[in-house]
Every structure is written in structure tokens, then in C-alpha cells.
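The values are calculated or read from the model by the stated rules, or taken from the named source; none is laboratory data. As the structure is a computational prediction, the values presented were derived from the model and not from experiment. A quick note on method: Cβ atoms are made from the backbone with ideal geometry, for glycine too, and the neighbour counts reach across all protein chains shown. Accessible surface areas use protein heavy atoms only, side chains included; no ligands, DNA or RNA. Shrake-Rupley method; radii C 1.70, N 1.55, O 1.52, S 1.80 Å.
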Amino acid sequence: MADLKLTDVAKVYGGGVEVLKNINLDIKEGELIVFVGPSGCGKSTLLRMIAGLENISGGTLEIGGQVVNDIPPAQRGIAMVFQSYALYPHMTVRDNMSFALKIAKKSAEEIDAAVNKAAKILQLEPYLDRLPKALSGGQRQRVAIGRAIVRDPQVYLFDEPLSNLDAALRVATRIEIAQLKEAMPESTMIYVTHDQVEAMTLASRIVVLANKGIAQVGTPLELYERPENEFVAQFIGSPAMNLLAGEIVGTGAQTTVKLATGGTAISAVPTSTADMGLKVNIGVRPEDMVPCEDCDAIYTGKVDILEALGEVTLLYFEKNGAADPVIGKLPGIHADMRGQTVSLRAVPEKVQIFHNGKSLYYR
Amino acid sequence: MSPALQGLITIFIGVGGCLAYFYGSNIFLDKVLFPAKGIHAGRNINRANMVRPWLFLMPALLALGLYLAYPVVETFRLSLSERLPGGASQYVGFDNYRRMFAEDKFWEAMRNNLLWLLIVPAAATALGLLVAQLTDRIKWGSFAKSLIFMPMAISFVGAAVIFKLIYDARPADQNQIGILNALWLQFDGGFGSVLILRVLPALMFAGFAAVVGYAAYLVGRPIVKPAAHVVEGIALKLLRVVGAVLLSWVAVLSALNVIDSATLAMPYGEQQTWLTIPFWNNFFLMVVLIWIQTGFAMVILSAALRGIPEDTIEAAIIDGANPFQIFFKIKVPQIMNTIVVVWTTITIVVLKVFDIVFAMTNGQWETQVLANYMYDKLFRSNDWGVGSASAMIIMLLVTPILVWNVYNARKEMR
Ligand SMILES: Nc1ncnc2c1ncn2[C@@H]1O[C@H](COP(=O)(O)OP(=O)(O)OP(=O)(O)O)[C@@H](O)[C@H]1O
Ligand SMILES: [Mg+2]
């Protein structure tokens, strides 16, 4: 129901600790934006600034075209779901959900209608007269979501809402949130998470935060297939993308890179003759590394550690002095490959080229 | 021998004795009574472990029995008997109680205790909560808190002496040293006096009446118009009726006081002997205990306030609650258990209040309280029967509050 626009937003905590700077972001009505980033990079801080729980040190925040920097949280048209649920422990589920409406002096009929509707959506009807302590974690989280829904906000804010749930419940609740979003296509949602699967499945766009700023904004697949920089390349995807140092030896529609480890990589990223001899890192995802025999291998090495996960097998090659091992990810079970010397190649479309940490694709 | 040396020796003997008891009895149990060897080693270890807690508890149980349980029984016996000349005593049934109930001084003490009971715990808890909340976020808050806590370190008698000086009155031709009289003499019946002594109290009484009236309305409303989704038992309904009637009564009383305080003739310019003004002097005495207990309430409630999860408060901010609503609807309900514990703890102190009254008025001018009444009978009139009977009354009053206090404290710990 509302757009968000962040212009040069910055956050400096008391004592001069700069946490965020130059945050520029346009969020359109109906989008589900996911913030990801390493721990401590300021995801929660940014979300709390949008909520109005932290003041904005610099720049402007607009919600629905109105600058809300100095508007108190309750009047910003937002609702927030906290990681720890933050339910009022002394109130029943019904009172928890109706608190905001009571504060806003809505009529009893209106409150009842809103609460019953939310309870129905979230299947909370049997628990309306219980206290939060008599609910399971998943039920509590649904109450927290219900508390947001009854306020009918323009923007929903979620701060790691699922991280206190166990794995199975997390999947179930994730799907519920996706359905909820589908049922309310016009409401905007901002969602902070550590979980890549949540980010990839829920997001219409992902915002990767790092180094006090935004590393990249894009749809999940853009981030996965075309990372703008090495940070995003390694942050999205698990295990992280392999980075191998080398030098451009052939340019054109396809680029040939001679690698320091001996192999040769061909990438579909186009380059010009001026790039000849440029020091670059190539990036290939472990799942794009395919074993081959008698081929132009990108990498050849001995399998040091092998993790057979059933569905896939992870190969960790000998480091030979490098900081991180090269990793391969093969479908199926290959328990016998440990100790073998394997050659790997990848199709040119799957090979990224980075110079000074930035992708050559985006020049 | 110097008293300090005596004290030191006592400490050594006491602590050493404790250590020796625990060490010795433990060894006796393990080595002599149930040795962990031979064919019964396993059985002996089990038995020893069953006996051990009792062994360790025994000194405490004995001391409690000797100094608490026995006196209760003995006091009860004394309250049913009368001393005869020559030291013998004789069973008289409930004669002592009957005599006590016929005394005006006893009912005065009961009335005053009730007043203390209503006002001191409420005032001390409310002030403590207020201070705890107000000092929470300011820089010099902990300094303010230590100041307010300091009276806790003063004995009741010491505090009574301090306040006796505050309430002091000298003959008119001498300098007044009591600060209250010094203030009082500033009033001359002019505009300021009217404002502070008539308008302000009238407003306070009116405000108090309004608050209590509203509370009565809140308590009573569900009887007339039950809230949706809430089913109340008959006991709760009865409690509501009683509470509503009581509160309305208090509201009416304070509303009447508005007229009183606006029309009362005031002896301006004359120094007052505060502690001899009947009825009001009770309040001057209560101030002393409130002054002391506010620090206690503040410390406990401040810790409780800090224990409230910050995100429930943030959620309330997002829900649009203003600071008052956050305080009364989010914070106070979450620390209600602690408030009850503080309240009941102070209530118990109040029921036993003795030193302050003893040191300041000794129960004269209608300030008698039960504990001082008991002391009067027991040690001044040597009337053991009535004295013990009043002691039993005090215990009867304290016990239910004590039980409730322990129940709540346990609930809070869980
Ligand atoms: N009140 C504060 N004063 C100073 N620095 C703070 C304050 N609150 C947070 N920070 C700092 O701001 C940075 C960002 O914190 P934030 O909680 O936003 O991280 P996050 O990205 O949410 O991390 P996580 O993923 O672990 O939740 C951290 O480095 C933290 O130390
Ligand atoms: Mg966080």
C-alpha cells in the first residue's frame, strides 16, 4: 500500500560509531524486500530506523511519499514482528492482538472483527483466550504476526522472525508467510534474515548489506547468477563461490583467463582488447564445477575432504597454500572420490570475472 | 576485657562451633554410624544420605523451635491465664481478650494500625515505583537512588529522633528549630497561604477522590456490564462488589475533605506542636516509615523494571502507546508480582511497627498502635495476660499476609 524511499540514510550511534552510511533504496508497493548480510552489519539497525525505534542520523526516509524522519512509530503505518515475539506476557492472545486498536480507540465491534479475521487467517482461533506462556514457539510467532495484521499497516517489518523456531517449524512458517504475502499482494514487507533459503524463496528483491552500505540489490536469481562483486558472490550460495586468481589472455565475446593454479577458464563475460593482461579473479560456484577427463580443466587437484550428503557430494580439494580450498558440489553420491585427482571445468556462462573485487559484467 | 575483644571471641566461638558441628557430625555419620564399607556399604551410603539433610538442618530447626515456636505456644498460654500474687498463674479462658476488647485504647490502636496499613505500604510502594521509573533513564539516577536508599541504613529509632527534630516546637519567644514550624510560620493567611494550604489540598483531595472513584468504577463495571469473552467466578464477583463499595466510600470521604480543607480555620502565625494534633499526628508518624521504606521499594522495583524485556516496550511503542500507557499497561502488569511482594513485605513491617511510635509519642495523643499497646501492657502495666492477648492479635493479623507474601515471592522466583 505504500512505497518506501531511503535517500542517503546514515546511522551514527552515540559516541561516534558509524554503522550505516549512504543507504539509497527504492522499495515499491507490494514488494517483499529481504535484508541479508553478515552479523553486525546493521540489518536490524536499518529496520529499526524504518520502524522509528532508532532515530535517523542522516538522510531521509519516505513512506508513501511522506518524509517520516520525525514521525513517531505508531503513525508511520508500519507494524513490526520481533525475533523474540515480544508478546505482552500478561495479556491473552486476544488482548495482545487488540492492544494497538484499543490504544487507537477503535470501537469494540471493529476490534472484534479485526482480531477474529486475523485469528482465522493464522489459525489462532482455539488459542484466543490463552496467555502467551501457554503457547508453542510457532503459535507465539503467529500471534506476533497477527498483532501486526490487525493494525492493517502499509509496511510490515520482520526482524528474523523465524530464527527461534526449530527447522521443521521454520519451513512451515516460512511457507505461511509466503501465503500471507500472496493474500495481501499490495502490502509492502521488509524482512531481515540470516537464512539464505528464506531470502531466496521469499524475496522479490534481496538487499545485501556490508561495510556500512549496500553491496547489491537485486532479485534472488540476479544475485545468484550475476553478483556485482566478490562479496555478494561469496555471501550468496552455500558453499561459497570459488575464487581463483589469474590473468586475462584472450578477449572478445568470450574471455580466456590463465589461472595461477595452472588451469584455463573461459567466461561468457565479454572484454575488449584493452583488458589484455588484466589481473582478475574468476568465480565459479561449486555446483557449476563438473568433473571431466582429458579436457581444458579450470582446476585440477586432489580431493582432500569429502562430505557425502546423499543428495549431493561436496569435494574439498587440497589447499596447496591457498586461504580457502576449492570446493566442488556433485549431484548424487560419490563416496569413492576421496584422495583421487580430479579435473574440473565449467560452462562459460557460469564463470564470473572480477577485477578489484568488482564484476566485469557490470562495467 | 574490652567489648571488642569479647565480640571477636564470640564470633570465633560461633563460626568455629558451626564448622566443628558440621564437620564432626558429618564424619560421625560417614565413619561411625553408617560406614561406607563392609557388606552393607551401598545400603549405608543411602541411609547416610537420607539422614544428612536433617543433620545439617537440626541446629536451625532447634533454634527456630526454641525461639519461635515455643514462644508462640507460651504466649498463647499466657494470653489465657492470669498471674496470681506470688508467681503462680491460673487459667481464665478468654477473660483477657474480653477485657482487652472492652478497652478504648485497644480499639484506638486497631484503628491506627488500620490507617497505617492502608497508607504506609501504598505510599511507600507507589513512591518507590515512581522513583524507580523516573531514575531509570537519567544520568544521575543512581546517585538519586543511593540518596533515597540511605534511610534504610538508619534504625527506626534514629529516624524517629530525626523527625522529632523536624516536628519540634519551641515556646513562641524562642527560635524555632523544627523545620516544619519554620515553614508553617511563613504562612500568614495571604494569597500564598490560601493557594498552598487551601487550594492545593483541595485539589489533591479532589484528584484523589477522582482516581479512587474511577478505580471503583473499573472494579465495579464488569458486574453490571460483563466484558466479552471473560467468565468470572462468583468469588471474584463478590470481591468486585466489596471492592467497589469500599472504594466508593473512600472516594466520598475524600470528596468531603475537599470542602473541609477549603473552609477549615487555620491558626496562622502560631507554632504548632505537630505530634499532639489528634488524628493528623498519625500521619506525621507514618511519614517516618514511608521515608524509610520508599528506599526498599525503590531498589526492588527498580531491579524488576530492568528485568522487563525491552522489546515488549518497543512493541508497545509501535502499537502507539504513550509513556503513561506503557507504564501502566505494559510495565506495571509485568512486575505485578514484585509489587505485591514489596507491598506485603512493607505491610508486615507496618503491622509490627513499634519503635517509631514508642520513640516519638509513646502512643499519646491518640497515636497508639498494637505493638506499642502490647509493650505497654506487658512491660509497663505488667499485665501479662492482656499483653499476650494483644500479641496473639498481631500474629493473627500478620499470618495471612505473610502466607500471601511467601506465596507470591515463590511464584515470582519460578
Ligand atoms: N546502541 C548501540 N550503540 C553503539 N553501537 C551499536 C548499538 N546498537 C548496535 N550497535 C552496533 O551496530 C552494528 C549493527 O548492529 P545490528 O544489530 O543492526 O546488526 P545486525 O546486522 O542486525 O546483526 P545480527 O545479524 O547479528 O542481528 C553492530 O556492530 C553493533 O555493535
Ligand atoms: Mg539483528
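Structure data summary
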| quantity | calculated |
| --- | --- |
| The stretch A:30-50, subset more than 15 Å from ligand 1 (Cβ to nearest atom) and in a loop (DSSP other than H, G, I, E, B), residue nearest to A:ARG205 (Cα to Cα) | A:GLU31 |
| Criterion: open to solvent by 10 Å² or more (accessible area, probe 1.4 Å), more than 9 Å from chain B (Cβ to nearest Cβ), of a type in the set (Ser, Thr, Tyr) and more than 20 Å from A:LEU46 (Cβ to Cβ) - qualifying residue of A:SER107, A:SER98 | A:SER107 |
| Qualifying residue in the stretch B:287-303 (condition: at negative phi, within 14 Å of another protein chain (Cβ to nearest Cβ) and among the hydrophobic types (A, V, I, L, M, F, W, C)) | no |
| Top-ranked residue in the stretch B:314-324 [being at negative phi and crowded, with 17+ Cβ neighbours inside 10 Å; ranked as farthest from the other protein chains (Cβ to nearest Cβ)] | B:ALA316 |
| Single condition A:LEU53 does not satisfy, out of (1) within 12 Å of chain B (Cβ to nearest Cβ); (2) of a type outside the set (Asp, Glu); (3) outside any loop (DSSP other than H, G, I, E, B) | (3) |
| Matching helices (runs of 4 or more DSSP H) fully within the stretch A:184-276 where at least 1 residues are within 30 Å of A:GLY146 (Cα to Cα) | A:196-202, A:220-225 |
| Condition broken by A:ASP294, with the remaining ones in (1) assigned to a loop (DSSP other than H, G, I, E, B); (2) assigned by TED's automatic domain parsing to the domain that holds A:ILE23 satisfied | (2) |
| Only listed residue being surrounded by 22 or more Cβ atoms within 10 Å (Cβ to Cβ) and either more than 14 Å from every other protein chain (Cβ to nearest Cβ) or within 16 Å of ligand 2 (Cβ to nearest atom) (or both), chosen from A:VAL192, A:VAL155, A:VAL150 | A:VAL192 |
| Breaking point among (1) touching a helix residue (DSSP H, G or I) at 6+ places or on another chain (Cβ under 6 Å); (2) closer than 26 Å to B:PHE283 by Cα, for B:THR135 | (2) |
| A:LYS43 closer than 28 Å to B:ILE326 by Cβ, surrounded by 14 or more Cβ atoms within 10 Å (Cβ to Cβ) and either within 24 Å of the chain's Cα centre (by Cα) or within 14 Å of chain B (Cβ to nearest Cβ) (or both) | yes |
| Among (1) open to solvent by 10 Å² or more (accessible area, probe 1.4 Å); (2) among the basic types (Lys, Arg); (3) farther than 30 Å from B:PHE328 by Cα, the one test that A:LYS11 misses | (1) |
| Residue satisfying condition, being open to solvent by 50 Å² or more (accessible area, probe 1.4 Å), at pLDDT below 85 and among the β-branched types (Val, Ile, Thr), within set B:VAL287, B:VAL241, B:VAL245, B:VAL250 | B:VAL250 |
| Single match in B:ARG43, B:ARG47 (criterion: out of contact with any Leu (no Cβ under 6 Å at 6 or more places or on another chain), among the basic types (Lys, Arg) and touching a residue at least 12 places away in the same chain (Cβ under 8 Å)) | B:ARG47 |
| Verdict on B:SER381 being of a type outside the set (Lys, Arg), open to solvent by 30 Å² or more (accessible area, probe 1.4 Å), away from chain A (no Cβ under 14 Å) and farther than 21 Å from B:LEU117 by Cα | yes |
| Any hit, the stretch A:136-145, residues being within 11 Å of chain B (Cβ to nearest Cβ), more than 16 Å from ligand 2 (Cβ to nearest atom) and either outside any helix (DSSP H, G or I) or open to solvent by 60 Å² or more (accessible area, probe 1.4 Å) (or both) | no |
| Complete set of residues in the stretch A:69-85 that are outside any strand (DSSP E or B) and either touching a residue at least 60 places away in the same chain (Cβ under 8 Å) or within 13 Å of chain B (Cβ to nearest Cβ) (or both) | A:ILE71, A:PRO72, A:PRO73, A:ALA74, A:GLN75, A:ARG76, A:GLY77, A:PHE82, A:GLN83, A:SER84, A:TYR85 |
| The stretch A:10-29 - residue that is β-branched (Val, Ile, Thr) and within 13 Å of ligand 1 (Cβ to nearest atom) and, of those, farthest from A:ILE177 (Cα to Cα) | A:VAL17 |
